[in-house]
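K.L.:
Input: one structure, supplied below.
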Amino acid sequence: MKTNIIHNEECIQGMKKMGDDSVDITITSPPYNIGKSIHHEKNMYKEYKDNIKEEEYYNFIKESLTEMIRLTKHYVFLNFQMLSNNKISYMKIISDFKDQIKEFFIWAKTNPAPAIKEGCFNSGFEFIICFSKNDNIG
């Protein structure tokens, strides 16, 4: 894969073309799988539906994270907000990747967006999990 250029392609397929340890640090915030809501009726992504089934979303996150850990030398930082449509997936991810988790961070928002739909609680924070395949890194 050519470096120092932007590749516009599906992320998992693009990552599979990259060599092991070819990236120093990865920072990512994948789609949250919000689903339909009054505040997010407009599709935020050109080719991705943000309301897929839980198992499909889980597989997408798991495969993406597997590739990110493979191609990253040091740390992968995964940012997400736990929501009704994704909480089962992220609980499974935390369990599946427990040996690669180095740290949990909480991003406390100073001005969080309103709840995404009526009857939902508003979350003023998001999770950031630091992963690494290197046991020698703190």
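K.L.:
When both residues are 6+ apart or on different chains and their Cβ atoms are under 8 Å apart, which pairs have a first residue that lies in the stretch 52-67 and is more than 16 Å from LYS87 (Cα to Cα) and touching a residue at least 24 places away in the same chain (Cβ under 8 Å), and a second that is assigned to a helix (DSSP H, G or I) and of a type in the set (D, E, K, R)?
P.N.:
GLU67/LYS16
K.L.:
Still on this structure, I have one more. Could you check, for the stretch 76-87, whether at least one of its residues is more than 11 Å from the chain's Cα centre (by Cα), under 24 Å from MET15 (Cα atoms) and at pLDDT 95 or above? Reasoning before the result, please.
P.N.:
Of the stretch 76-87, the ones more than 11 Å from the chain's Cα centre (by Cα) are 83-85, 87.
Right, trim to under 24 Å from MET15 (Cα atoms) and you get none.
Within the stretch 76-87, not a single residue is more than 11 Å from the chain's Cα centre (by Cα), under 24 Å from MET15 (Cα atoms) and at pLDDT 95 or above.
K.L.:
In the stretch 19-57, which residue that is part of a helix (DSSP H, G or I) and surrounded by 14 or more Cβ atoms within 10 Å (Cβ to Cβ) is modelled with the lowest pLDDT?
P.N.:
Ranking the candidates gives GLU54 first.
K.L.:
In the stretch 1-28, what residues are free of Cβ contacts under 8 Å to residues at least 24 places away in the same chain and over 18 Å from the mean Cα position of the chain (by Cα)?
P.N.:
The initial filter retains those residues of the stretch 1-28 that are free of Cβ contacts under 8 Å to residues at least 24 places away in the same chain, namely 1-10, 13-14, 17.
The answer is MET1, LYS2, THR3, ASN4, ILE5, ILE6, HIS7, ASN8, LYS17.
K.L.:
Checking ALA113 against (1) in contact with an Asp or Glu (Cβ under 6 Å, 6 or more places away or on another chain); (2) over 29 Å from GLY19 (Cβ atoms), which single condition isn't satisfied?
P.N.:
(1)
The values are calculated or read from the model by the stated rules, or taken from the named source; none is laboratory data. Here the structure is a predicted model, which means the values were calculated and not measured. FYI the Cβ positions are ideal-geometry reconstructions off the backbone, even for glycines, and counts take in every protein chain you see.
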